[in-house]
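Below is one structure; the comments refer to it alone.
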Amino acid sequence: MTDKKSNAMWGGRFAAGPDAIMEAINASIGYDKRLYGQDIAGSRAHAAMLAAQGIITDSDAQTIREGLLTVLSEIEGGSFEFSTALEDIHMNVEARLKEIIGEPAGRLHTARSRNDQVATDFKLWTRDQVDGAIAGLEALIRALMAQAEAGADWVMPGFTHLQTAQPVTWGHHMMAYVEMFGRDMSRFADARARMNENPLGSAALAGTGFPIDRFATSAALGFDRPTANSLDAVADRDFALEFLSCCSISAMHLSRFAEELVIWSSAQFRFVALSDRFSTGSSIMPQKKNPDAAELIRAKIGRIMGAMVALFTVMKGLPLAYSKDMQEDKEQVFDAADNFMLALAAMTGMVSDMTAQVDNLRAAAASGFSTATDLADWLVREAGLPFRDAHHVTGTLVAMAEKQGCDLPDLSLEDMQSVNAAITKGIYSVLTVENSVASRVSYGGTAPEQVRLQIARWKEILG
């Protein structure tokens, strides 16, 4: 592409073409070409509106529409030649449109600027990613619900500080992540509602004197309304920051679950078996089955959160309205979106394929004095002890069991009564892990009936 052609796109202000270094630093086509679909959709809506308002002729609008569809076909077919000299996707599309249809192409840019054009394209693209994230999260939630439903009665250890705390059910643990990813889904939905305002028609920064209809382009592009301030519209990137924030929070949740899958699939735990589809082997140790997909998901949060910090840093010192710094808004958002969606899909696959090792879960739940709290609760309920006294008695019994090398249910009644005479044989009814989880019937508790209640609630939410 010649400098002369590049200058023609800029206008008559420049007598010479850009230096090669300037061209390299100024060009964004290497990455913003992925906005082609949104750019062409925005241009089609803009041309139709210009014709409806009598700003361009219907004939020119039809010619522009057909030319844009040709450009779209070329890009999707792989025959379109992108030019660094033309800087970005907007000028690449416009230049090719001019080659196809001639003079009418020059009328397309009436009453708009690259400033509102890029804001519109980027917002449309981000909105599409939000929709994809919501759909991906729903798929993951459904996979978790299937696991929860299958294992509503399976007992496993619940942890605090990664130490055995109290027995819980497999279903309850799965549903904990349903709640987390459900909140993530709602955050994306909230962000979508806020970002769904149309910048197109704000022009460079001050609006335009042409009698445009911004409500028409908003409706055509699926926006709820046009933006209310042209300065804000071209300078705003908080929609991208909010998207990155939603991705970062959700990636953090993915990372936490991935960490658990790494631990649970280890030889020391054997809580789950991951499928071969989401595991790899070792180049030297034939016995190894590595949870690489989970480990890579765990790492994605650094990349995604890093993108958010990078964009915050780009935006934090910019005066209104547009500055070229904002060209640096896209690469990290593209990368974060790609990696978030990949991590989400991989986690959904792992959850769908993984197999709980029910016997191992139950054995681990019964170890580590996991029913100690049930013993203390029994002393309060049946023996009338204040909870602090019951806590002390239970601690003494735990120490006794440790000394004897057994668990609480293995202590004799005589041993227990030597610590507190009010203890009766009825205490053994609460010391099994099954009875422990069954007793946790408070709303949101781990009892199987509560787990099934929450599964039913989520089925109703998702429809």
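The values are calculated or read from the model by the stated rules, or taken from the named source; none is laboratory data. Computed from a predicted structure; not experimentally measured. When we count neighbours, we look across all protein chains shown, and the Cβ atoms used for this are built from the backbone with ideal geometry, even at glycine. In case anyone asks, the SASA skips ligands and DNA or RNA and just uses the protein heavy atoms, side chains included. Shrake-Rupley method; radii C 1.70, N 1.55, O 1.52, S 1.80 Å.
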(request) Could you please give the count of residues in the range 29-48 that are open to solvent by less than 10 Å² (accessible area, probe 1.4 Å) and either of a type in the set (Lys, Arg) or modelled with pLDDT of 95 or more (or both)? (result) 7
(request) Sort out which residues of the range 251-267 are not β-branched (Val, Ile, Thr) and not in a loop (DSSP other than H, G, I, E, B), and write them in order of number. (result) ALA251, MET252, HIS253, LEU254, SER255, ARG256, PHE257, ALA258, GLU259, GLU260, LEU261, TRP264
(request) Output yes when any residue across the range 257-266 is open to solvent by 50 Å² or more (accessible area, probe 1.4 Å), closer than 30 Å to GLY158 by Cβ, under 27 Å from the mean Cα position of the chain (by Cα) and in contact (Cβ under 8 Å) with a residue 40 or more places away in the chain, and no when none is. (result) no
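Quick check on the range 243-250. Is at least one of its residues part of a helix (DSSP H, G or I), assigned by the TED database to the domain that holds ALA345 and open to solvent by 70 Å² or more (accessible area, probe 1.4 Å)?
Just the residues of the range 243-250 that are part of a helix (DSSP H, G or I), to begin with: 243-250.
Still in the list and also assigned by the TED database to the domain that holds ALA345: 243-250.
With open to solvent by 70 Å² or more (accessible area, probe 1.4 Å) added as a condition, the list becomes none.
For the range 243-250, residues part of a helix (DSSP H, G or I), assigned by the TED database to the domain that holds ALA345 and open to solvent by 70 Å² or more (accessible area, probe 1.4 Å): absent.
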(request) Scan the range 45-62 for residues that are within 19 Å of ARG214 (Cβ to Cβ), touching a residue at least 40 places away in the same chain (Cβ under 8 Å) and in contact with a helix residue (DSSP H, G or I) (Cβ under 7 Å, 6 or more places away or on another chain) and jot them down. (result) ALA45, HIS46, ALA47, ALA48, MET49, LEU50, ALA52, ILE56
(message) So in the range 70-106, with the set limited to residues that are among the hydroxyl-bearing types (Ser, Thr, Tyr) and either under 19 Å from LYS330 (Cβ atoms) or in contact with a Leu (Cβ under 7 Å, 6 or more places away or on another chain) (or both), which one is modelled with the highest pLDDT?
(response) SER83
(request) Kindly establish whether GLU179 is touching a strand residue (DSSP E or B) at 6+ places or on another chain (Cβ under 6 Å) and open to solvent by 10 Å² or more (accessible area, probe 1.4 Å). (result) no
(request) Can you tell me which residue within the range 354-395, out of those that are of a type in the set (Ser, Thr, Tyr) and closer than 14 Å to VAL430 by Cα, is surrounded by the fewest Cβ atoms within 10 Å (Cβ to Cβ)? (result) THR373
(request) Kindly check whether there is at least one residue in the range 329-344 that is in contact (Cβ under 8 Å) with a residue 12 or more places away in the chain, open to solvent by 50 Å² or more (accessible area, probe 1.4 Å) and among the polar types (S, T, N, Q). (result) no
(message) Tell me yes or no: at least one residue of the range 422-440 is of a type in the set (Lys, Arg) and surrounded by 14 or more Cβ atoms within 10 Å (Cβ to Cβ).
(response) yes
(request) Just need a number here: residues in the range 86-114 that are open to solvent by less than 30 Å² (accessible area, probe 1.4 Å) and either in a helix (DSSP H, G or I) or not hydroxyl-bearing (Ser, Thr, Tyr) (or both). (result) 16
(request) Being at pLDDT below 95 and among the hydroxyl-bearing types (Ser, Thr, Tyr) is the filter; apply it to the range 153-187 and report the residue that is farthest from the chain's Cα centre (by Cα). (result) THR164
(request) Return yes or no: is LEU408 at pLDDT 90 or above, open to solvent by less than 10 Å² (accessible area, probe 1.4 Å) and either not assigned by the TED database to the domain that holds SER266 or not acidic (Asp, Glu) (or both)? (result) no
(request) Search the range 63-92 for residues that are on the phi > 0 side of the Ramachandran plot and pair each with any residue that is outside any helix (DSSP H, G or I) when their beta-carbon atoms are under 8 Å apart and the residues are at least 6 apart or on different chains. (result) GLU87/ALA27; GLU87/SER28
(message) With the requirement that a residue be assigned to a loop (DSSP other than H, G, I, E, B), open to solvent by 40 Å² or more (accessible area, probe 1.4 Å) and either touching a Ser or Thr at 6+ places or on another chain (Cβ under 8 Å) or among the charged types (D, E, K, R) (or both), what does the range 209-228 give you?
(response) PHE210, ASP213, ASP224
